[in-house]
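Below you'll find the structure, written out as structure tokens, and then a few comments.
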Amino acid sequence: MQDYPFKIERKWQEAWTSGKLFSPDLVKARTPFYNLMMFPYPSAEGLHVGNMYAFTGSDIYGRFKRMQGFDVFEPIGLDGFGIHSENYAIKVGRHPRQQARISQKNFYRQLYATGNAYDWTRTLATYDPAYYKWTQWIFIQLFKKGLAYRARAPVNFCPFDKTVLADEQVVDGRCESCGSQVEKRDLEQWFFRITDYAERLLKNLEKLDWSKRVKIAQRQWIGKKEGITIGYQVAGSRLQVGCWTSRPDTNFGATFVVLAPEHELVSEILNIKYQISNIKLKEVKSYVKRAKKKTEQERIAEGRDKTGVFTGLYAVNNLNGEKLPIWVSDFVLMEFGTGAVVAVPGHDRRDFEFAQKFGLPIKRVVVGKDGDDSPITKIDQVQEEEGTMVNSDFLNGLDTHKATVKIMDYLEEKGWGKRKTTYHLRDWLISRQRYWGPPIPVIYCVNCWKVKSEKLKVKSEEGRDFAMIDGKEHAIIPVPEKDLPVILPDVKDWKPRSGARGPLAQVESFVKTLCPECGTAARRETDVSDTFLDSAWYYLGYLILGNQKSKINPSTTLRIDGEQSRTIKNQKFRNWELEFRNSLARRGQWLPVDMYIGGAEHSVLHLLYSRFLTMAFYDLGLVSFEEPFRKFRAHGLLIAQGAKMSKSKGNIVSPDDYIAKYGADALRCYLMFCGRFQQGGDFSDAGIAGMHRFLKRVWNLVIGQLGYWAVRSAPKNLLTQEPISLHMMHKTIRRVTEDIESLDYNTAIAALMEWLNFLEQKVNIKYQISNIKYDQKRPSDISLEPLGREETETYLKLLAPFAPHITEELWSRLSGNWASRPSALRLRLEEQSGKTRPKNLRAQRPNDRIDFQSIHTQPWPKYDPKLVESKKITLVVQVDGKLRDRLEAKKGLGEKDACKLALSSQKIKKYLAGANYKVVYIKDRLINFVLKF
RNA sequence: GCCGUGGUGGCGGAAUAGGUAUACGCGCAGGACUUAAAAUCCUGUGGUCGAAUAGACCUUGCGGGUUCGAGUCCCGCCCUCGGCACCA
């Protein structure tokens with residue numbers, strides 16, 4: 001066997017790109033199919049096989065759809081802005097912009113070498129000003145719509161790195177990079193009001209064709225819960241405290257109330273003098289102070305161990321007039337519900353732990369399945385499940401669900417409570433005190449606020465439409481659209497720095513500006529936006545930015561920030577909104593995305609943010625659909641050495657060496673063969689040689705067949721004829737078609753291997769029986785031809801999405817277009833047939849023309865259901881459910897005939913001799929003789 | 001703790017309207033070719049007993065159940081990996 005020349009891969013990659021085979025006309029395409037893959041962070045050393053695994057899986061689907069007749073748009077880009085990339089730049093000691101240039105080149109080189117059918121004329125990168133101009137424009141649209149707002153919020157702060165950290169960078173309360181304990185700091189931040197969309201985000205999930213696990217994760221993250229806020233009078237005062245609960249049925253079991261340390265009632269208690277002793281006051285004060293200062297690390301170290309302090313005040317339970325002592329404890333979170341909890345220690349483990357520690361009473365009001373109705377004294381007795389109400393006045397005897405409804409009705413009727421749905425989902429904090437991101441396009445103006453507040457005479461209720469900077473109130477003025485983009489300045493001192501502001505705050509030329517409204521001195525926002533904002537809309541970006549001039553070389557299609565700023569600046573002002581709308585109007589046929597594939601790790605954040613933004617666009621009238629991705633499938637994880645690939649584990653595998661050694665086709669197929677795509681797989685390089693062998697066998701089979709035809713001229717019979725060959729072909733077409741559709745690539749490849757085994761055997765047999773040699777005459781019996789033309793073509797087509805290069809090469813040779821360079825075939829032919837040089841294989845000029853007939857645009861083979869079924873079956877014969885024999889049989893046998901056949905078997909006769917039996921017959925499958933019945 | 005995955009030969013993994021368990025590949029063993037090696041090709045390969053290509057028994061994480069028949073369905077556990085987690 002000879003090695004197939006996988007060096008042909010480069011040639012075809014270039015032919016595809018220069019021929020624009022994979023660059024559909026975005027305006028005129030008639031059957032658009034938007035096949036999108038989550039674009040990568042180019043932050044690490046380069047692409048690893050885990051990335052390639054995901055991209056290849058997406059590409060195969062796209063290629064399959066193309067052959068099914070769709071105009072497939074499969075774009076690629078880089079999610080290069082943001083903390084990941086910046087941290088990598090810090091690590092290697094390069095400026096992020098410089099690093100981006102290196103990463104970009106490297107990533108595109110690697111992606112190009114994988115042979116994916118990307119539209120290289122429409123790449124994008126989030127750090128390109130032409131891209132982030134839109135990110136900023138989107139921010140402004142949301143701001144104008146009231147969906148972006150400023151508020152004080154606690155952020156993670158690392159005292160060693162002196163920088164603000166994103167939640168993702170805090171691992172077990174410690175800084176991801178240096179390991180120091182993270183502190184919380186209260187700072188003014190920008191938020192997106194995603195919570196306004198909680199209900200829609202939840203409801204729309206039902207309609208989406210998405211991986212089930214992702215839908216579940218989102219549902220859980222949104223965390224909708226029905227409940228009621230119950231008001232409690234604070235004894236001896238006019239104050240009220242509202243406690244939200246989802247279990248009002250247990251309210252007769254309430255024995256105390258707990259406030260979060262940040263709860264407003266706590267500061268009221270501290271500021272206004274109630275009848276609390278000074279000692280008590282001090283106690284509360286110091287507890288609150290300690291609790292607020294507590295680091296994440298300390299909280300975790302404490303675990304579930306409860307701390308708290310009694311305020312000396314009582315809340316009155318309207319239901320029974322009982323006085324509930326009011327405590328303060330940090331196990332109650334201000335961000336959830338009302339920040340105050342009515343504790344039912346008998347039916348909530350946390351409340352129980354607290355009650356036990358501080359000696360508070362515990363009441364049983366529910367009896368569960370176990371029937372235990374004794375007093376609750378041990379944690380294991382805490383009854384959180386459903387059950388029957390006891391000790392609860394008018395609720396007694398009801399089950400918990402009915403009791404919940406009844407008491408809610410009652411509380412509302414009395415005016416003591418109000419039904420309220422809460423969500424786990426929080427507003428999206430989008431500002432980062434970092435450098436490597438799109439500057440938030442906002443200007444702060446003291447003068448404007450002065451004018452405005454005088455006009456209004458009153459400050460706004462929320463106090464949110466001004467920004468507090470250096471103790472001064474500033475009006476928030478969005479950057480006028482004509483001034484977009486706000487270019488990220490080239491800064492030497494770009495590393496994260498101490499204090500509340502990011503590196504941009506040090507750049508005077510950036511900060512100082514004039515107010516676009518009143519013209520007085522003003523300052524720019526110095527925070528940049530979250531990477532997730534960049535990636536939340538990029539699926540539109542490919543269409544909007546798609547009118548750039550196409551450039552072929554993938555490493556130069558992109559402009560890096562800074563290099564491009566001049567060009568952008570020189571552009572004439574355009575009406576961005578009009579451009580946005582026009583782009584989508586002309587290319588809107590591609591939307592929403594038809595197939596989106598990506599990692600399950602983005603189940604919640606990216607996919608939720610993207611959905612939110614799309615809904616906001618819909619409400620703004622910018623798009624005509626609410627959901628960005630019609631179909632989403634999460635791919636599995638590629639494991640190496642028993643663990644997920646990561647830098648820290650040191651098990652990163654780069655595709656480069658494998659591509660150099662075996663070719664991209666072999667690696668693609670091998671990756672897809674590792675396991676079910678949606679489940680992941682185990683990468684070990686031991687098996688890749690096997691895949692290489694498989695492709696070599698395909699190569700040699702087809703080349704051998706070409707040789708046969710070359711000597712004997714083209715076959716007369718184009719169709720495959722023998723029944724068994726037909727059956728194998730149609731069966732395989734069906735299996736591969738169905739498996740690709742369901743992304744079960746591993747079994748699709750297995751089916752192709754099985755067919756190959758069959759074809760090779762057939763060829764061997766035919767050569768044997770006909771004793772064909774190249775220098776002999778063609779046998780008169782055409783059916784002795786090793787392979788049929790149709791068979792050969794079908795094989796290549798089915799393999800094409802997996803191994804696009806080798807199949808393209810063989811396809812081109814099959815269509816007589818192959819002779820552009822000395823090939824194995826020609827050498828072999830000359831060797832074998834002496835001087836013979838077949839006329840239909842006359843050497844042609846090198847041919848890389850655009851209009852070559854690519855296999856990747858050939859129609860996908862169809863199968864005939866009749867031929868998929870075999871005419872013969874194996875009848876399994878069981879006795880008492882145990883396999884005893886297998887018999888060849890015709891299809892469609894009736895029970896009587898099957899019985900007769902089975903009884904003719906000696907083996908079976910032996911078992912049935914002299915016994916009574918019952919027969920269970922499953923047509924075309926098995927017959928079971930049951931003796932014991 | 002909660003939610004979600006998955007548990008099948010030496011290894012990666014096939015097989016679910018309940019019906020031939022271990023497809024396909026890797027590895028391994030033997031053979032052919034070769035001066036030799038590599039490559040390639042052929043044969044074999046779940047386990048135990050057995051001379052056997054006779055036959056029997058066992059086998060899909062563990063324990064029960066339903067069924068003529070269970071990897072697949074039901075009940076009760078154990079473990080892996082992933083995500084969330086003091087969310088009232």
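Read-outs throughout are calculated quantities, based only on the coordinates presented, and are distinct from any laboratory measurement. Keep in mind that this is a model prediction, so the values were computed, not measured. Note that we place each Cβ from the backbone using ideal geometry, even for glycine, and neighbour counts take in every protein chain shown.
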> Using θ = phi - 60° and the Karplus form 6.51 cos²θ - 1.76 cosθ + 1.60, what ³J(HN,Hα) does each residue of the range A:854-865 get, whole Hz, x for Gly and Pro?
Replying inline: 6, 5, 6, 10, 6, x, 5, x, 10, 10, 9, x
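Once R0 is set to 60 Å, what does the formula 1/(1 + (r/R0)^6) return for the Cβ-Cβ distance between A:Asp864 and A:Val604, expressed as a FRET efficiency to the nearest 0.05?
0.85
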>> Can you tally the net charge around A:Phe354? Count Lys and Arg as +1, Asp and Glu as -1, for every other residue whose Cβ sits under 12 Å from the Cβ of A:Phe354.
In response: 0
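Mind running the shape call on chain A? Use the C-alpha gyration tensor, a ≥ b ≥ c as the square roots of the eigenvalues: rounded below 1.5 for a/c, prolate if a/b tops b/c, oblate otherwise. List each step's numbers first, then the result.
Details: a/c = 2.82, a/b = 1.48, b/c = 1.90.
Oblate.
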> Would you list A:Glu525, A:Glu386, A:Glu454, A:Glu481 from fewest to most Cβ contacts within 10 Å?
Replying inline: A:Glu454, A:Glu386, A:Glu481, A:Glu525
> How far is it, in nm, from the label point at A:Lys644 to the one at A:Leu514 when both lie 7 Å from their Cα along the line to the Cβ?
Replying inline: 5.2 nm
> Quick one: helix A:789-799 against the long Cα principal axis of chain A, what's the angle to the nearest 10°, folded into 0 to 90?
Replying inline: 20 degrees
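Per-residue ellipticity at 222 nm for chain A, helices alone: DSSP H runs ≥ 4 residues times -39500 (n - 2.57), over residue total, nearest 500 deg cm²/dmol?
Working: 30 runs with 348 residues, N = 933.
Helices in chain A give a 222 nm mean residue ellipticity of -11500 deg cm²/dmol.
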> Tally Lys and Arg at +1 and Asp and Glu at -1 over the other residues with C-beta under 13 Å from the C-beta of A:Glu791: what net charge comes out?
Replying inline: 0
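Please report the antiparallel percentage of DSSP beta bridges with both residues in chain A, rounded to the nearest 5. Intermediate values should be presented prior to the final figure.
On the way: 75 of 101 bridges.
DSSP beta bridges in chain A are roughly 75 percent antiparallel.
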> For chain A, with only Lys/Arg (+1) and Asp/Glu (-1) charged at the beta-carbon, what is the dipole magnitude about the Cα centre, in debye rounded to 20?
Replying inline: 2440 debye
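Considering only DSSP states other than H, G, I, E and B, which trypsin sites (Lys or Arg not before Pro) in the range A:178-261 qualify as loop sites with at most 16 other Cβ atoms within 10 Å? Each step should come with its number before you reach the end.
Details: sites: A:Lys184, A:Arg185, A:Arg193, A:Arg200, A:Lys203, A:Lys207, A:Lys212, A:Arg213, A:Lys215, A:Arg219, A:Lys224, A:Lys225, A:Arg238; in loops: A:Arg193, A:Lys224, A:Arg238.
Answer by residue number: A:Arg193, A:Lys224, A:Arg238.
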> Given H placed on each backbone N at 1.01 Å, which residues far from A:Val442 in sequence or on other chains put an amide H within less than 5 Å of it?
Replying inline: A:Val479, A:Glu525
>> Output wanted: per-residue J couplings in Hz (rounded whole) for the range A:506-517, from phi through Karplus 6.51 cos²θ - 1.76 cosθ + 1.60, θ = phi - 60°, x for Gly and Pro.
In response: 7, 8, 4, 5, 7, 5, 6, 7, 10, 5, x, 9
> Residue farthest toward the positive end of the dipole of chain A, with Cβ of Lys/Arg at +1 and Asp/Glu at -1: which of A:Ala664, A:Gly253, A:Phe694?
Replying inline: A:Phe694
>> Using +1 at the C-beta of Lys and Arg and -1 at the C-beta of Asp and Glu, which of A:Ile652, A:Ala913, A:Val763 has the Cα lying farthest in the positive direction of the dipole of chain A?
In response: A:Val763
